[in-house]
Every structure is written in C-alpha cells, then in structure tokens.
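The values are calculated or read from the model by the stated rules, or taken from the named source; none is laboratory data. All figures in this text were calculated on a predicted structure; none of them were measured in a lab. We place every Cβ from the backbone using ideal geometry, glycine too, and count neighbours over all the protein chains shown. Just so you know, the surface numbers come from the protein's heavy atoms only, side chains and all, with ligands and any DNA or RNA stripped out. Shrake-Rupley method; radii C 1.70, N 1.55, O 1.52, S 1.80 Å.
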Amino acid sequence: MRIAKVRSWIGFVSLFGILLAAYFEFPFSGCSYLRLGFLRLVCPVGFIETTLATKSIIWPLVPGFLIICVLIFLFGRAYCSWICPAAQAGQKSITFLGKFLPPSFMKGTRRKWQRTRSHLSAKLQLDYQDGIALFLGVAVGILVFGYPFFCLFCPIGVISRNLIELATHYSVRMDLILLFFPLFLGLLFRSGWKCMCPVGTLRGLVARSNHTLVPLKNPRLCNSCRKCERICPSGLSPHLGIVDPSKCVKCLRCVDECPKSALSIAVWNK
Ligand code: SF4
Ligand code: SF4
C-alpha cells in the first residue's frame with residue numbers, strides 16, 4: 001500500500017478518535033491533553049505556555065511532557081504530517097471539496113495560492129529561523145502578560161475544540177473563523193504555516209538530533225529529476241542526501257513519489 005494511503009488512514013483515525021473520545025467523555029482535550037491513569041500527556045507548547053503564564057512548574061504534567069519529548073526524539077516531527085488534527089482536517093477538507101469542484105478549478109487555486117506564497121515570502125524573506133523568533137516572541141509575551149494566548153489561535157486547538165463541540169453538542173464554534181489567522185500567516189513564510197507553527201517549531205527544536213525514518217538516496221537510481229524537492233512540503237532536497245530533522249515532517253512523500261524508486265526509508269541514519 002502506498003504510504004500516502006496509510007498516512008491518510010492514520011489521519012482519519014486521529015480525527016475520528018477525538019470525536020469518539022469526546023462522545024464517550026474520555027478525560028482529554030483534543031491533542032492538547034490526555035490523562036492515562038496517573039500519566040498526563042500534554043502538548044509540549046501547552047506545557048511551556050502554562051509554565052510561563054503561571055511562572056511555576058506544574059509537576060504532575062512533567063512526566064507526560066518528558067515522554068512527549070522522548071517520542072519527538074524517536075520519531076522527529078512525524079506528528080506534524082501523520083497526526084496533527086489541523087493538518088489532517090485541512091487535507092481532508094481539500095479532498096472533500098475536490099469531489100464537488102472541477103479539477104481545473106482546484107489545480108488553478110492551488111497554483112495561485114503557491115504563487116502568492118512564493119511571491120510574498122520572497123519579498124519578506126521569512127523562513128524557519130523567523131518561525132523560531134516568532135516562537136520566542138510568543139513565549140516572552142506569555143511571560144509578560146501571564147496569559148497563554150497562543151492556545152486561542154492554535155489551529156490544533158481550534159480544530160480539536162470544534163470536533164469536541166460537534167461530538168457533544170452537534171454544532172461548531174465561532175472560533176473556527178480564527179483559522180484564517182494561520183492561513184494568512186502561512187502565506188508569508190517560505191514553506192507555509194509549518195515554517196512558523198509554534199507546535200512544529202518546538203518539535204523541530206527537540207527533533208534536531210533525530211536520526212530515525214530518514215529518506216535515503218540510492219545514487220545509482222537517482223536521475224536528479226528533483227521531483228522529491230518539488231513535492232517536499234518542508235522545502236527540503238532529499239536528492240542531495242541531506243534532510244534536516246528539525247524541518248522534515250516524515251511524511252515520506254519523497255519516498256512514495258520518486259519516479260525511480262531511488263529513495264528508501266532508513267530506520268536509523270547517522
Ligand atoms: S525524485 Fe527520485 S530520481 Fe528524482 S531527484 Fe529525487 S531521488 Fe532522484
Ligand atoms: S524530506 Fe521527504 S519525508 Fe521529509 S518532509 Fe520532505 S517529502 Fe516529507
């Protein structure tokens with residue numbers, strides 16, 4: 001089975017899982033918080049926000065936070081492309097719309113969107129390092145004002161809250177409109193929202209020393225067509241043999257779509 005199909009199914013399970021958990025009143029809050037017995041798995045950005053806003057460490061959250069850090073160390077930024085409910089909801093909405101709208105319209109809109117992003121990001125020269133600066137700015141803002149405001153705009157939070165509302169009250173919330181915020185900001189950065197999503201940025205910082213599930217090139221098969229570079233959502237160049245673990249979201253699209261099957265997945269690469 002193609003990796004894209006597996007990824008799509010896992011994404012579906014992650015969205016449907018939130019609906020089911022909310023319906024059965026499981027002690028959780030979307031992808032931000034999950035209680036498993038004594039263990040509280042918490043979104044790493046949520047943990048840092050709470051720590052900064054309250055200027056104190058909430059110790060019962062520390063083991064869960066550390067476990068998430070270990071998972072990021074082991075799997076890099078895989079969460080961003082395989083599980084993130086915001087990314088999954090976005091992709092599934094586009095696929096759903098594609099069933100009703102003409103393919104030429106969908107293709108044209110996608111091309112215009114990418115062209116606008118290339119134009120704006122080239123003018124503003126905004127890239128991953130600016131995403132890190134933004135993350136630090138948000139952290140300082142939370143520390144100064146003592147309020148974890150990023151959670152209000154976080155697309156993961158918005159989608160999760162709306163799925164919970166859907167499962168419990170069969171309605172959606174007005175805060176869905178806040179999704180325009182990351183959509184607009186994503187137009188300003190070279191690789192879109194994932195360049196500056198604080199959740200992705202923090203995961204990227206922890207994933208710097210990740211060595212697992214790396215796309216690896218077989219130089220004998222590669223014909224340098226650069227398709228892998230064009231389709232990589234993180235703007236990486238797997239055919240050059242160097243994949244930055246803090247940016248790679250492990251979607252494995254490059255492996256899936258290489259016309260020469262020149263890329264394979266290295267379980268561990270030094
Ligand atoms: S898509 Fe495959 S063949 Fe083309 S440059 Fe990338 S690795 Fe090489
Ligand atoms: S390098 Fe490959 S696996 Fe990593 S983000 Fe790009 S397309 Fe996905």
* Does segment 173-182 include one or more residues that are open to solvent by 10 Å² or more (accessible area, probe 1.4 Å), modelled with pLDDT under 90 and either among the hydrophobic types (A, V, I, L, M, F, W, C) or under 21 Å from Phe16 (Cα atoms) (or both)? -> yes
* Subset of segment 123-132 (residues that are more than 22 Å from Val249 (Cα to Cα) and in contact (Cβ under 8 Å) with a residue 40 or more places away in the chain) -> Leu124
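For (1) more than 16 Å from ligand 2 (Cβ to nearest atom); (2) open to solvent by less than 80 Å² (accessible area, probe 1.4 Å), each residue gets a yes or a no:
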position	(1), (2)
Ala86	yes, yes
Gln91	no, no
Phe100	yes, no
Lys107	yes, no
Ser118	yes, yes
Leu124	yes, no
* To do: Grab the helices (runs of 4 or more DSSP H) fully contained in segment 7-115, keeping just those with 2 or more residues being at pLDDT 90 or above and farther than 19 Å from Cys251 by Cβ.
  => 44-54, 62-75, 85-98
* **Qualifying residue in segment 167-179 (condition: within 19 Å of Leu236 (Cβ to Cβ) and in contact (Cβ under 8 Å) with a residue 60 or more places away in the chain)** => no
